[in-house]
2 protein chains.
Amino acid sequence: MSDKQSAMTDYLQSFIAGLINSGVQKAVISPGSRSTPLALLLHRNEKIQTYIEVDERSAGFFALGLSKVSQQPVVLLCTSGTAAANYYPAICEAKASYVPLVVLTTDRPHELRQVGAPQAMDQLQLFQQQVKLFVEMALPENTPQLLDYAYWQGIKTGNTAQQTPKGPVHLNFPLREPLLPKQSEVSLPSRLTEIISGENQLTDQQVKEIVTSWHGKRGVLIVGGEHQPEEATSFVQLAEKLQWPIIGDPLDNLTAETDSLLVMNHIDLFIDKVLEKATPEIVVRFGKLPLSKNLMLWLQQLDPKETRTYFIDETGEWLDQLKQGQIIIQAEEKQLVKQLINFAPKHLPAKWSEDWINWQQAVEMTLSEITELASLNEISASRVLHQKMAKNGQLFISNSNAIRFIDRYADKVNAGYRVYGNRGINGIDGIVSTALGMCAVQPEVQNVLLIGDLALYHDMNGLLLAKRYHFPLTIVLLNNNGGGIFSFLSQRQLDEEEFELLFGTPIDLDFSQVAELYGAAYAKVESLEQLASRLEITQKQPQFQIIEVVGNRQENVILQEKVQASITKKLRG
Amino acid sequence: MSDKQSAMTDYLQSFIAGLINSGVQKAVISPGSRSTPLALLLHRNEKIQTYIEVDERSAGFFALGLSKVSQQPVVLLCTSGTAAANYYPAICEAKASYVPLVVLTTDRPHELRQVGAPQAMDQLQLFQQQVKLFVEMALPENTPQLLDYAYWQGIKTGNTAQQTPKGPVHLNFPLREPLLPKQSEVSLPSRLTEIISGENQLTDQQVKEIVTSWHGKRGVLIVGGEHQPEEATSFVQLAEKLQWPIIGDPLDNLTAETDSLLVMNHIDLFIDKVLEKATPEIVVRFGKLPLSKNLMLWLQQLDPKETRTYFIDETGEWLDQLKQGQIIIQAEEKQLVKQLINFAPKHLPAKWSEDWINWQQAVEMTLSEITELASLNEISASRVLHQKMAKNGQLFISNSNAIRFIDRYADKVNAGYRVYGNRGINGIDGIVSTALGMCAVQPEVQNVLLIGDLALYHDMNGLLLAKRYHFPLTIVLLNNNGGGIFSFLSQRQLDEEEFELLFGTPIDLDFSQVAELYGAAYAKVESLEQLASRLEITQKQPQFQIIEVVGNRQENVILQEKVQASITKKLRG
């Protein structure tokens, strides 16, 4: 056993000990040669749960899902070369959606760089501004100084990933052959570094002044971004105390643990019909805008002389897309909402909030009257899926049409389940793997993914994770054979041939064969009842399966136009 | 029709005109919204052939393949967000293997950046040091100045991609809505910019001095990197004139148009057995090292006092992995080789070259005597594939085991076909799509991909291109259910459970189902004869098909050890 091997082993063990003390418990490993020592040492460590995935793009998104649900930093490990570049899409998403990842790439040592050695490329700063921190690690040594250094980098980078704004960090490890670690018998001294972080908060006095100025005013709360149910609940409590409507989108989980009437669903379907009646005096926005485009257009046309807008900027990144915030509050949301609830004088129900409640209920009634929504199509399937989620279930919603259908059409029934999505940059590139990451953390509950055919195709490789680890994910596939969202956008004006070729992009895949390839159960449902009964079963018997709903891009548009017309009639008529 | 739309249309048309004048003829487009105007204008342009692929990772590697074979810069176009990050693996490979790509990403305009707008991320310098040039384009205007600017950027970046060292360039286009271009009736003035580039060459006098100093010496030529057949041929002509052995690897195409005995095959199998007999006085290395690890070890042990090493550094990047070059020549290879042939005095055959020829022939004889190579296994299948390539055929060889089998075992029979691979960074992430890019340029000839199961899985999505465009690629799949190369590396010392989990990584996919999913013909061959006859058919009837050879990782190692022992006996005995 060479001394080099001992040095490398001790050095990497120190690093891993630091990672663990920062809170790391999970690692996703893609096989490779240069990464061998880290792969083996992570895998042999009892405190780390490891997963193996050959395709680094899928591995990256799977780690993203693990991290979203477990709320812990997750390690990614791969070998040198283009392998690392495959992590890039998941890293960009993690940066934008504040998900802590610790990305470990392994590299040729310095003497083999920029000399044409095989599988070597410049990995320094590989992920540019898309990571919070990049560290080029020293070559392994086991002097006390270097063991301290390695431990320190482990705990520091694991912690950096978790600090607000959370996000990915990248460490590049130059490693020399021999790459097999020594079976280390030495147990490292258990380091006692402890991390105590404070919060970024306003004084009670500041909050009192703000909330007092809101008293008796017509206000609206708008919540963007992803939220854990307990955070979401406190937003709703604030709305109740203020008696203001509260608007979000599916990822906010506002309805997860409440049935408050003040939570507005269907906002995209009705806000444009009540423009003249819905002029608030106060708008309080938390984070990014929710999904609805009509909501954005409504906000944009508000007159700043009539409406005062507060923008809560938790991350200090000024992510106010509308540049509308007149008062910008930089403080941690969770703490601020608690303080606001504490100091807000109790408002009584007033015509303002009753109007909003009535508008929303009118929409719900309209939706229940439209006959097409009682037969099977992509929109009605999304409604039924929402109804058939178990109270403790987890739903991952793909981007593009899937999340818009849920946002516009899901009624406020039977909430309680937890919703996830990739809304940092809204890609369709890693949805399957991220959903499987979600499923891996709580495989015992109902886990469902709602996804279109293009997004499923884009990350089909991710299905190998479900096959290998028996993750019981139910995939509800809205298959309209192509890019359904473009039928709702201006591109639909193009002539059909050009539209189909460049935007419709039918892929003509038989998804029963995809299911067979990856060992998933498969069913093509023919009615809403069939879909409902299959989903009910998954509440108690989770299973890896694809439930296909055959849709039609044109029909979706026609149905949506019909819905809009009925709502206009009801709210304006 | 808004004025903004006219301005955008004219601006982008100018840019495209510049691209075309730089030599661009092909574009690979991934659907998206922000990229709509460029997608439509490229597609509507009669001088540009467009391909559509939903998965940007596959699209990137497909463009790489198109560019490798057509020797033209190829455009990649996608929408904003993580879509662009999916190009990263192909871009890294293109940078390292000198393939010209023009990557166009579309972006939110400045007022929607860093404000939390959907599908927006920082795309500036997105690909870092992995592209030759990054340009953040101006927002579209149609003043004469800006039309000139757009044209100029088109011709400049298209040209930059093609200049030595060739490689990828990246342009980011901020675009505002409305995104539909105006049907432009105006034909742009045909610009007359013409590009005349000089070459980086030595004077005849310099070359004469060099080549004269080689006279009567024992020399070896070593050629790395990818070469077109005409370049390869001139390397062999130089070897013939000098009567020196010439060593490369399959991607050099040295045997494509010659049957010179001086071209050494099987180098990895015998160079370590003739150490004491093979001490050259001159080593002339062109570019990167060839594939063989034993060749590298042989070069490393040469004594610089006995052996003088020339390193031809065409790109000026100092990519001399062994840092062994005593004389570094920075000049364009093609021109230099011509000059060397011109001025080299004719050498006569000598014991030196005869020895090398004899060693190689001894190996060929040994291989023909080993009975296992007459029955079906991964190694013998690679040999037969080489024999059954049509003279005008194209073979793409995957990384990992596939290229090593061809390098070690392919005899010098029936050469003449053209070999491609991704040896810039040696990834297994985009092999299928790159091979399809190769096939797309010359679909009428025999097109074959030799690939293992892990690499095929990694880029399975690429198969959709073959389905959509009916590319008649024959895929010879060496399926040993996992990472076969690790059985040849030190990792095989690990206990079996750990080895299989972290390195063997069986994926257990039934590739007949993969074939069915993508509409490929499929056959599992049971004998070498079956394989040979199927390959013979493809010489005349190209077809999209998967021919599966079931292999065994352990058997490969045992057979290789047997071969090595026989060769040792023959050469040393």
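The values are calculated or read from the model by the stated rules, or taken from the named source; none is laboratory data. This is a predicted model, so every value here is computed, not measured. A quick note on method: Cβ atoms are made from the backbone with ideal geometry, for glycine too, and the neighbour counts reach across all protein chains shown.
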- Task: Check A:390, A:331, A:350 and return the single one that is on the phi < 0 side of the Ramachandran plot, in contact with a helix residue (DSSP H, G or I) (Cβ under 8 Å, 6 or more places away or on another chain) and in contact (Cβ under 8 Å) with a residue 60 or more places away in the chain.
- Result: A:390
- Item | Residue among B:331, B:278 that is within 30 Å of residue B:562 (Cβ to Cβ) and at pLDDT below 95 | B:278
- Evaluation of residue B:489 against (1) within 14 Å of chain A (Cβ to nearest Cβ); (2) buried (at least 16 other Cβ atoms within 10 Å of the Cβ); (3) under 26 Å from the mean Cα position of the chain (by Cα) (one fails), failing number: (2)
- The listed residue being acidic (Asp, Glu) and closer than 17 Å to residue A:422 by Cβ, out of A:495, A:459: A:459
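Can you tell me which residue in segment A:287-317 is nearest to the other protein chains (Cβ to nearest Cβ), limited to those that are among the acidic types (Asp, Glu) and out of contact with any Leu (no Cβ under 9 Å at 6 or more places or on another chain)?
Applying the first criterion (among the acidic types (Asp, Glu)) to segment A:287-317 yields A:303, A:306, A:313-314, A:317.
Filter again for out of contact with any Leu (no Cβ under 9 Å at 6 or more places or on another chain), leaving A:303, A:306, A:317.
Details: A:303: 20, A:306: 23, A:317: 7 Å.
Ranking the qualifying residues of segment A:287-317, first place goes to A:317.
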- Message: Condition (residue is closer than 23 Å to residue B:307 by Cα, charged (D, E, K, R), in contact with a strand residue (DSSP E or B) (Cβ under 7 Å, 6 or more places away or on another chain) and not in a helix (DSSP H, G or I)) applied to segment B:207-217: is it met by at least one residue?
- Response: yes
- Note on the structure: Within segment B:270-288, residues being crowded, with 24+ Cβ neighbours inside 10 Å and over 22 Å from residue B:211 (Cα atoms) number 1
- Okay, strands (runs of 3 or more DSSP E) sitting entirely in segment A:367-468 with 2 or more residues that are away from chain B (no Cβ under 14 Å) and not aliphatic (A, V, I, L, M), I get A:394-397, A:418-420
- Item | Criterion violated by residue A:354 - all others in (1) surrounded by fewer than 18 Cβ atoms within 10 Å (Cβ to Cβ); (2) under 26 Å from the mean Cα position of the chain (by Cα); (3) not β-branched (Val, Ile, Thr) satisfied | (2)
- Task: Go through (1) crowded, with 18+ Cβ neighbours inside 10 Å; (2) at pLDDT 95 or above; (3) outside the structural domain of residue A:249 (by TED's automatic domain parsing) and name the single condition residue A:375 misses.
- Result: (1)
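Would you confirm whether or not segment A:285-292 contains a residue that is small (Gly, Ala, Ser), modelled with pLDDT under 95 and over 23 Å from the mean Cα position of the chain (by Cα)?
Filtering segment A:285-292 for residues small (Gly, Ala, Ser) gives A:287, A:292.
Pick out the ones that are also modelled with pLDDT under 95 and you get A:287.
Cutting the leftovers down to over 23 Å from the mean Cα position of the chain (by Cα) gives us none.
Checking segment A:285-292: not a single residue is small (Gly, Ala, Ser), modelled with pLDDT under 95 and over 23 Å from the mean Cα position of the chain (by Cα).
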- Task: Kindly indicate whether any position in segment B:276-286 is within 14 Å of chain A (Cβ to nearest Cβ) and not in a helix (DSSP H, G or I).
- Result: yes
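Here is a check on your reading of the model: is residue B:82 assigned by TED's automatic domain parsing to the domain that holds residue B:98 and in contact with a strand residue (DSSP E or B) (Cβ under 6 Å, 6 or more places away or on another chain)?
Working: assigned by TED's automatic domain parsing to the domain that holds residue B:98: yes; in contact with a strand residue (DSSP E or B) (Cβ under 6 Å, 6 or more places away or on another chain): no.
Taking the combined requirement at face value, the residue does not satisfy it.
Out of all the residues in segment A:512-526, is one or more in contact with a Gly (Cβ under 6 Å, 6 or more places away or on another chain), away from every other protein chain (no Cβ under 11 Å), crowded, with 17+ Cβ neighbours inside 10 Å and among the β-branched types (Val, Ile, Thr)? Working first, answer last.
Within segment A:512-526, the subset in contact with a Gly (Cβ under 6 Å, 6 or more places away or on another chain) is none.
No, segment A:512-526 has no match at all.
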- Query: What is the number of the single condition among (1) facing chain A (nearest Cβ under 10 Å); (2) crowded, with 24+ Cβ neighbours inside 10 Å that residue B:484 does not meet?
  - Reply: (1)
- Task: Please enumerate the residues belonging to segment B:23-33 that are crowded, with 24+ Cβ neighbours inside 10 Å and either in a loop (DSSP other than H, G, I, E, B) or touching a residue at least 60 places away in the same chain (Cβ under 8 Å) (or both).
- Result: B:24, B:30, B:31, B:32
- Given the conditions (1) more than 25 Å from residue B:56 (Cα to Cα); (2) more than 14 Å from chain B (Cβ to nearest Cβ); (3) among the aliphatic types (A, V, I, L, M), every one holds for residue A:38 apart from (2)
- Those residues of segment B:526-546 which are free of Cβ contacts under 8 Å to residues at least 40 places away in the same chain and acidic (Asp, Glu) amount to B:529
- Message: On the basis of being assigned to a loop (DSSP other than H, G, I, E, B) and either surrounded by fewer than 17 Cβ atoms within 10 Å (Cβ to Cβ) or outside the structural domain of residue A:438 (by TED's automatic domain parsing) (or both), does residue A:561 make the cut?
- Response: no
- Task: Show the residue pairs that are 6+ apart or on different chains and have beta-carbon atoms under 8 Å apart, the first residue being within segment B:53-66 and among the β-branched types (Val, Ile, Thr), the second being part of a helix (DSSP H, G or I).
- Result: B:54/A:454; B:54/A:457; B:54/A:458; B:54/B:464
- Message: Regarding segment B:493-502, can at least one residue be identified that is touching a residue at least 12 places away in the same chain (Cβ under 8 Å), surrounded by fewer than 19 Cβ atoms within 10 Å (Cβ to Cβ), on the phi < 0 side of the Ramachandran plot and out of contact with any helix residue (DSSP H, G or I) (no Cβ under 7 Å at 6 or more places or on another chain)?
- Response: yes
- Query: Counting only residues that are assigned to a helix (DSSP H, G or I) and surrounded by fewer than 20 Cβ atoms within 10 Å (Cβ to Cβ), which one in segment B:129-152 is nearest to the other protein chains (Cβ to nearest Cβ)?
  - Reply: B:129
